[in-house]
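What follows is a set of notes on a single structure, which appears directly below.
Just so you know, all these numbers are worked out from the coordinates, no wet-lab data involved. Just so we're clear, the structure is a prediction, and the values are computed from it rather than from any experiment. Because the Cβ atoms are built from the backbone with ideal geometry, glycine has one as well, and the counts that use them run over all protein chains shown.
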Amino acid sequence: MLNNPRKSREDILDLAVPLFAKSGFDGVSIRNVASQIELTPAALYYHFKDKEALYFETVKHAFETKTSAAKDLIDNGDEVFANLEKFINWFVTTLNRDNDFQKLLQWVLLDSNPKRMQSLVKDVFSDLFLTTRKLAESFSPRYDPQMLSISIIGLVLCHFQSEEGRKFLPGRKAIHDKPQVISAHIIKLLKNGLAPAC
């Protein structure tokens, strides 16, 4: 194993993302991370006080660019359904292209440690949620924006969380796994459901 003190904090975070994405907090040790990124555990502790800090900073690092891209999409004067389409297309494409981000998002939402979950939701996931909520608030007041935000995120995430199992469901077609098909389906479903009542 190499002891490479020249690795920057950002290099370490980049290399730690796939490890935590694959196994979550409980499935990764400081030794695993140090070994994979060719540092000694002591060198890793120089940058991060403990595994909790490393995990938190890794997840935050993975989320930062993604959530700022989502904010930029809806911070404009576009019509609400145009923003909905842009957001859904971005979210589906992002989860499809970046498997590590997709898995980290799932780990964050399913974390079994209440204190860690609170920190992750407050300081990492909240930007994505608040962006979705801002979008949800632009629809009719007959929809609770909190519930609608969670539903939008859930509709998109479910297609990726169930990807392996869906292959064995009756009626499944290979086309159902294409990001543009998933996006179009979710957009149509939301547009039809969110359209003003006649």
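Per DSSP H run of n ≥ 4, the term is -39500 (n - 2.57); total these for the chain, divide by its residue number, and report the mean residue ellipticity at 222 nm rounded to 500 deg cm²/dmol. Per the formula, -22000 deg cm²/dmol. The alpha-carbon of residue 49 sits under 17 angstrom from the alpha-carbons of these lysines, leaving out residues fewer than 8 places away in its chain: 7, 60. Residue by residue, segment 19-24 carries 3J(HN,Hα) couplings of 5, 5, 5, 6, 10, x Hz when phi is fed to the Karplus relation 6.51 cos²θ - 1.76 cosθ + 1.60 (θ = phi - 60°); x denotes Gly or Pro. Shown in residue order for segment 12-18 are the 3J(HN,Hα) couplings computed by the Karplus curve 6.51 cos²θ - 1.76 cosθ + 1.60 at θ = phi - 60°: 4, 4, 4, 6, 7, 3, x Hz (x for Gly and Pro). Pairs of Cα atoms under 8 Å, at least six residues apart: use those to get the relative contact order of the chain, whole percent. Taking the mean separation of contacting Cα pairs over the length of the chain, I get 21 percent. Kirkwood analysis of the Cα pair distances in segment 60-194 returns a hydrodynamic radius of 15.6 Å. So what's Rg/Rh here for segment 1-104, counting alpha carbon atoms and using the Kirkwood radius for Rh? Expressed as Rg/Rh, it is 1.11. Using only side-chain charges placed at the Cβ, +1 for Lys and Arg and -1 for Asp and Glu, the dipole size of segment 60-194 relative to its Cα centre rounds to 400 debye. Between residue 137 and residue 9, the modelled labels are 3.1 nm apart [label points 7 Å from Cα along Cα→Cβ].
For segment 108-114, the Karplus equation 6.51 cos²θ - 1.76 cosθ + 1.60, evaluated at θ = phi - 60°, returns couplings of 4, 6, 10, 4, 8, 9, x Hz by residue, with Gly and Pro reported as x. Number of Lys-Lys pairs in segment 100-198 with C-alpha atoms under 29 Å apart and a separation of 8 or more places or on different chains: 20.
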